[in-house]
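The values are calculated or read from the model by the stated rules, or taken from the named source; none is laboratory data. Only a predicted model underlies this, so the values are computations on that prediction, with no experimental measurement involved. Cβ placement follows ideal geometry from the backbone for every residue including glycine, while neighbour counts extend to all protein chains displayed.
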Amino acid sequence: MDLLLDVNVVVDICAKREPFFELADLAVSKCHLEGGRLWLYTGSVQTLEYVTRSALKFANEQAGRKLSARQLQWQTRQLVADFSKLAHWLSALPDEGEVFASADPEDEQLLRAMERFPSGEIKLLTRDARMLDEHPDKVISPRAFLGQSQGNKKVDFIDLKAQQDAIRPQLERNIHRVLHHGRYIMGPEIQELEQCLADYVGVEHCITCSSGTDSLLIAMMALGIGPGDEVITTPFTFIATGEMIALLGARPVFVDIDPRTYNIDPIKIEAAISPRTRAIMPVSLYGQPADLDAINAIAEKHGLPVIEDGAQSFGATYKGRKSCGLSTIGSTSFFPSKPLGGYGDGGALFTDDAALATAMREIRIHGQDRRYHHPRIGINGRMDTLQAAIVLAKLDRFGDEIAARQQVAARYNERFAPDVREPSPMTNEENTPAHPGRILATPYTAPERTHVYAQYTIDTDDREALQAKLKEQGIPAAVHYPVGLHRQPAFRQTGYGAGDFPNAEAAAARVMSLPMHPRLTLDDQVKIVQAIRHSQ
Ligand SMILES: Cc1ncc(COP(=O)(O)O)c(C=O)c1O
């Protein structure tokens, strides 16, 4: 549980006010240790300084020490500033200024600020008797908080809160900047984000758009793909990949996957090329780029463009180059759970081809090249300015986020090593696991590639039982994806059936993704590893 700290509690701690100091200090430490967040209300800054100074003045006088006004001010600011490093600043919003009709405007501000949090997730820590009496459901004393037991803490599959904490000042500044300039559609943040993303990927052009799904649609529209055409792709992916091909009236032609990387197997692509083939669309699944050099070589031989669906792999590298900058067009998604996720839908396209970039820019805005002039058919596929402002705030720390994801994955790999039953695909050596359990494989990263672990996905031949056991212990798991696209009812007209893509079908029956986010703790990982190891 999070705590919003009332001024009296903060002053008790900063000025070591007796007899309150110890309980307040212990309550704050307990919240911290249990993974709760401490909040300080920005609107209370002046009161905080004023009351702390008075308390320090009193304490110094009692001790017979005489401090000058300057010394007192310096000491106060130092103590409050140090304490605030433990906490997060909670912004004061405009409706928290309209509190003068209430009996105690400052208390009213705090109560209103807490309404932003989901119910039960935050309490106001105070020793104000009136507040404790009048709002027992929202307010708690240090003593009562210390007496509360935490209960069994659940493991999060993905934790966006901690990331938000780390970037909150930038995030809120960016959002407020948009609210004030008011250019919600194609505002200046869009161009700024496109420039930053193009530089990051190392391509000439970036075109942001409304989602990863729309980015695939726009890419194929720019290539002129339509009814009667075929696009080669993988059956083991999220629906959007095949769906956008079908939406354009084209036929998805599926090619089986490499069982180690779960990405399309380049060796099998050539046999699927026909006179109707218009593009190859590999997916860089789970966060690892597909084998783009091999795919590009086949495409070049047949004069075909390649669209990399890098919705899950933004930030990953292939032979030192960034995913989304490896083929004719790269496409990604800023869906919230993606490695570079926004707070809503969003996507982006990348290319070095100026003509394609122009086409994609036009298609994104109803096919228009200038206001109310439409040389081609397009869609309403723009990214919102607010969303761009959010992604910009996240971009600064993206490198650290990827490194942290890789560290979490390395910890899983290391701890699962004694459980893995299959021979290592890297060495082909027989593995005699110390704990012959249910794991057949942990994620494999092919040479000269880096993985950003949009998902940390293991292979198991007893998925349902394992998932149920994990659930019992409050550990979430997910399946990406339980059915290959070739077996989805929506693609029934493509004529594929069971057994057509054995590797994709085996993967669909066996994969299971475990909790993965940059701030997954070692404790939680140990809990997950133990739960899987002892699940039989
Ligand atoms: C491989 C793949 N392609 C496309 C998409 C679609 O992205 P969006 O959800 O942003 O439309 C996703 C999203 O999950 C995806 O995983």
Selected residue (criterion: farthest from V253 (Cα to Cα)) from residues of segment 270-290 that are within 16 Å of the ligand (Cβ to nearest atom) and touching a helix residue (DSSP H, G or I) at 6+ places or on another chain (Cβ under 6 Å): V283
Count of residues meeting criterion [under 26 Å from D400 (Cβ atoms) and not in a loop (DSSP other than H, G, I, E, B)] in segment 339-369: 4
Members of segment 196-239 that are touching a Leu at 6+ places or on another chain (Cβ under 7 Å) and closer than 17 Å to D384 by Cα: C196, C206, I207, T208, C209, S215, I218
Tally, over segment 447-463, of residues that are surrounded by fewer than 18 Cβ atoms within 10 Å (Cβ to Cβ) and either under 26 Å from the mean Cα position of the chain (by Cα) or closer than 21 Å to S284 by Cα (or both): 2
Of residues in segment 351-368 being surrounded by fewer than 16 Cβ atoms within 10 Å (Cβ to Cβ) and either among the hydrophobic types (A, V, I, L, M, F, W, C) or modelled with pLDDT under 95 (or both), the one farthest from the chain's Cα centre (by Cα): A355
Residue in segment 201-214 that is more than 16 Å from the ligand (Cβ to nearest atom) and surrounded by fewer than 16 Cβ atoms within 10 Å (Cβ to Cβ) present: yes
Test result for I267, in contact with a His (Cβ under 6 Å, 6 or more places away or on another chain), assigned by TED's automatic domain parsing to the domain that holds R321 and more than 16 Å from the ligand (Cβ to nearest atom): no
Qualifying residues in segment 321-350 (those that are within 16 Å of the ligand (Cβ to nearest atom) and more than 21 Å from the chain's Cα centre (by Cα)) - the one nearest to T241 (Cα to Cα): I329
Filter result for A357 (within 11 Å of the ligand (Cβ to nearest atom) and touching a strand residue (DSSP E or B) at 6+ places or on another chain (Cβ under 6 Å)): no
Every pair of residues 6+ apart whose Cβ atoms lie under 7 Å, when the first sits in segment 57-70 and is in the same structural domain as A15 (by TED's automatic domain parsing) while the second is at pLDDT below 90: N60/L67
Criterion: surrounded by 14 or more Cβ atoms within 10 Å (Cβ to Cβ) and assigned by TED's automatic domain parsing to the domain that holds Y286 - qualifying residue of R168, R183: R168
Segment 215-244: number of residues that are buried (at least 24 other Cβ atoms within 10 Å of the Cβ), under 30 Å from A509 (Cα atoms) and not small (G, A, S): 11
Residue count, segment 215-235 (criterion: away from the ligand (no atom under 16 Å from the Cβ) and small (G, A, S)): 4
Condition met for D229 (under 24 Å from A359 (Cβ atoms), assigned by TED's automatic domain parsing to the domain that holds D345 and of a type in the set (D, E)): yes
